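Below is one structure, written out as structure tokens, with a few remarks after it.
Rule-based calculations on the coordinates, nothing more; no lab input. As the structure is a prediction and not an experimental result, all values here were calculated from the model. Don't worry about glycine lacking a Cβ; one is built from the backbone with ideal geometry, like all the others, and counts go over all protein chains shown.
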Amino acid sequence: MAAKSRARFVLMGIAALVAAAAVAPACANERYAIEFRARSGGIFGHAYIAYGRVDAGGRLLRPRYAGFYPSGILEDTPLLAVLATPSLIKFKPRDARRSDLVYRREISAFRYGALPAEVRELRRDRPFWHLTFYNCNSFVADVAEWMGLRVPGTLQLPKNFVRDLYVLNRRSAPGFVYAEATAEGRVPQARDMLFLRAIGGEPIDR
């Protein structure tokens with residue numbers, strides 16, 4: 001059984017390398033980024049990821065999204081606070097419209113090419129959602145750890161989790177700590193950026 005697990009791991013690693021190699025040569029001069037996002041709403045809010053190529057204006061071009069959600073008959077009941085339920089890794093369009101906090105981090109074409117395989121692996125390995133043991137923050141933390149980042153504790157509000165993830169891993173000068181994201185105009189550029197929703201303003205549109 002152990003041999004089968006090792007073989008499966010090796011095959012998945014090869015697949016990820018092949019996918020990354022296919023992206024890197026053709027896109028050597030292009031820029032890529034992953035965004036760790038948080039939104040308010042519901043009881044606790046939600047954290048998820050978006051990733052893609054960065055266009056000339058600093059925005060993600062046709063980004064991919066992935067979030068970890070509860071599903072099944074318990075999805076909208078108070079029992080989620082104490083019971084595990086089947087999970088889904090997917091994207092809900094309402095999340096992108098309601099982002100309140102975004103930590104953007106530039107990544108290489110190689111890392112960008114390998115990221116979809118990591119998301120698929122997490123989809124297989126994490127079949128259950130639980131408020132305490134594995135929640136949306138936990139999913140984002142697994143992606144961040146796969147990238148080699150340090151991660152904060154996951155038992156906190158998503159907005160606090162994303163903020164702390166940025167604080168632990170930022171590579172930019174302190175002057176780039178906060179930037180208000182607007183719906184028009186160029187997005188400020190740095191290797192690491194933390195975008196905040198302006199008080200009383202519109203949700204971040206990036």
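According to a simple spin-label model (label point 7 Å from Cα along Cα-to-Cβ), what is the distance in nm between R171 and F110?
Computed distance between label sites F110 and R171 equals 1.3 nm.
Ranked by Cβ crowding within 10 angstrom, fewest neighbours first, how are L60, L157 ordered?
With the sparsest Cβ surroundings first, the list reads L157, L60.
If the chain between F133 and K92 were fully stretched, how many nm would it gain, using 0.36 nm times the residue separation less the Cα-Cα distance?
12.5 nm
What is the fewest-to-most order of R98, R104 by other Cβ atoms lying within 10 Å of their Cβ?
Exposure proxy ranking, most exposed first: R98, R104.
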